[in-house]
C-alpha cells in the first residue's frame, strides 16, 4: 500500500493522509458504487478516489487522473465525483466505518475534524522519502495543515472569489484602460461609480452590470471573507486558546459590510434580485461582470464567443481582502 502512495505523491505532491480505508486491492475487485469506470485487467491495483468538484475543476482533475493512468500500468485511479452537499457527511462516515475511499479531496476546514478524530496521519517519513519541500509552500497556506508541529496535509490549491468582466460590454461602456484593466478608483465611491456608469452605458434589452446571487454561499463569501476583511474585521473568535476561545467579532464592521452588500441589490440597484442562474447570465454575454470563484474560469474558457478577463475583487474599503479556502487530497490507508 505504501508503494502506491509514494507513486501518487511523486506524481502530484499535493496530498493529505487519513486512516481507515476501502478494500480495493486489485483490478478484479468490485469498483465503488456509482462508478461506471471499467478498471483495466492485467493486475493493476485499483485506487478509489472521491472528489467533490464540478464544472471546469472536475475536468481538470479528471485530466490529471487520466494522465497518471496513462503514464504507468501498476495502478489505476478510479475517480468518482460525489454530490457536494452530502460529501463530507458521507466521507467522514465511510472513513470511520472503514469503508471509505483510498483517496479523497477535502477542504482545509475539515482537516481539524479529521485530526481530532484520529482519521488523519502525519506525513512524516513518507513526505521526506518523496522529497516534499515544505519551505516551497506559502507559509499562510501551509500553516493550516500543521498540528502539534506535524504535517497532516499538502495543499492542492487555494481558490479565491474573484471578479470577471465581459471585455466587450465593459469596453463599449468606456471603462477599460489600454492595458485591459478597469477604470475604477479603489474606494467605495469608485466602486459604485464604476457600476452606475456601466449600467447607464449597457445596450438596451436586458443587459445587467453585475450578475450575482442573492442567496447561497456567494453573497456570504463577498460579505464576510471580502468586505468585512477589507474593513479590517477580526475573526469570530480569538486563536490564543482554541479549547476555550473568546469571541472577537467586530460587530460594527460586520454590519457595515453587510449593509453595503445589501445596498447593491436595493438602494443602488446594481445587482438584479432573484436571478435564476447568475452563471448563465454571464456565460451568455448578458452580464457585464460576475463575482464568483476561480473555479468558473474553465467554464468561461470553453464558452464560444465569450471574451472575458479574470481579476481580483477591487479594494472597496481600507485594505485588500477576499474570501478563499484550500483543498487537499486525503488518503485512506489499510
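The values are calculated or read from the model by the stated rules, or taken from the named source; none is laboratory data. For clarity, every value in this text was computed on a predicted model and none was experimentally measured. All Cβ positions, even for glycine, are placed from backbone atoms using ideal geometry, and neighbour counts span all protein chains on display.
Let me confirm something: among 303, 291, which residue is assigned to a strand (DSSP E or B), touching a helix residue (DSSP H, G or I) at 6+ places or on another chain (Cβ under 8 Å), modelled with pLDDT of 90 or more and over 30 Å from residue 119 (Cβ atoms)?
Just one listed residue meets the conditions, 291.
For every residue, the table says whether it meets (1) closer than 28 Å to residue 318 by Cβ; (2) more than 27 Å from the chain's Cα centre (by Cα); (3) surrounded by fewer than 16 Cβ atoms within 10 Å (Cβ to Cβ).
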residue	(1), (2), (3)
133	no, no, yes
139	yes, no, yes
145	no, no, no
153	no, no, no
159	yes, no, no
172	no, yes, yes
176	yes, yes, no
180	yes, no, yes
196	yes, yes, yes
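Give 203, 310, 209 a once-over and let me know the one that is more than 24 Å from the chain's Cα centre (by Cα), assigned by TED's automatic domain parsing to the domain that holds residue 174 and surrounded by fewer than 20 Cβ atoms within 10 Å (Cβ to Cβ).
203
Quick test of your reading of the structure: residue 317 fulfils all but one of (1) buried (at least 19 other Cβ atoms within 10 Å of the Cβ); (2) at pLDDT below 90. Name the failing condition by number.
(2)
Go through the residues of the range 78-92 one by one and say whether even a single one is at pLDDT 85 or above, more than 23 Å from residue 151 (Cα to Cα) and buried (at least 21 other Cβ atoms within 10 Å of the Cβ).
Checking the range 78-92: at least one residue is at pLDDT 85 or above, more than 23 Å from residue 151 (Cα to Cα) and buried (at least 21 other Cβ atoms within 10 Å of the Cβ).
Working only within the range 122-131, note down all residues that are in a helix (DSSP H, G or I) and surrounded by fewer than 15 Cβ atoms within 10 Å (Cβ to Cβ).
124, 125, 128, 129
Among the helices (runs of 4 or more DSSP H) contained in the range 166-265, which hold 3 or more residues that are at pLDDT 95 or above and under 28 Å from residue 276 (Cβ atoms)?
167-172, 188-201, 251-265
On the basis of being closer than 21 Å to residue 55 by Cα and outside any loop (DSSP other than H, G, I, E, B), does residue 275 make the cut?
No: the conditions fail for residue 275.
For residues in the range 65-91 being in a helix (DSSP H, G or I) and touching a helix residue (DSSP H, G or I) at 6+ places or on another chain (Cβ under 7 Å), which is nearest to residue 142 (Cα to Cα)?
That would be 88.
Could you please find all residues in the range 102-121 being touching a residue at least 40 places away in the same chain (Cβ under 8 Å), more than 21 Å from the chain's Cα centre (by Cα) and not in a strand (DSSP E or B)?
Residues satisfying the conditions are 102, 118, 119.
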